[in-house]
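Laboratory data are not the source of any read-out in this text; all were calculated from the coordinates shown. The shown structure was predicted, so the numbers you read here are calculated from the model rather than taken from an experiment.
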Amino acid sequence: MRSTMAGKSSRSRRNAVRRGQSCCYCGIRALTERDHVPPRSLFLSPFPSDMITVPACRACNQRFGTLDEETRVNLRRTAFGVT
């Protein structure tokens, strides 16, 4: 599960914007989530406890989440010869 600021108060989110934090991908929107790099979908459970995260807006995080899943499927096909 991706960790997010969604559960935080609107004051916390406003403070993040005031501190100049923005999405690491688009650089435009205020961050609302933390994206795992590399994606958690590439690991088996239990996940490593020291995974790197970067600040992201919801739109970019969801867009990259779709690409993460496609990458996982393609890697699995390559590794196991599935067509």
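A compact table of results
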{"quantity": "Residues with amide H under 5 Å from that of D35, placed H, sequence gap 5 or more", "calculated": "V54, A56"}
{"quantity": "Normalised alpha carbon radius of gyration of the stretch 22-76 [divisor 2.2 N^0.38 Å]", "calculated": "1.17"}
{"quantity": "Length-normalised contact order for the stretch 22-76 - Cα pairs under 8 Å, 6+ apart - percent", "calculated": "41"}
{"quantity": "HN-Hα J in Hz across the stretch 68-81 - Karplus 6.51, -1.76, 1.60, θ = phi - 60°, x for Gly and Pro", "calculated": "4, 5, 4, 5, 4, 5, 5, 5, 5, 4, 5, 5, 10, x"}
{"quantity": "Difference of contour (0.36 nm per residue) and Cα-Cα distance, R77 to S45", "calculated": "9.6 nm"}
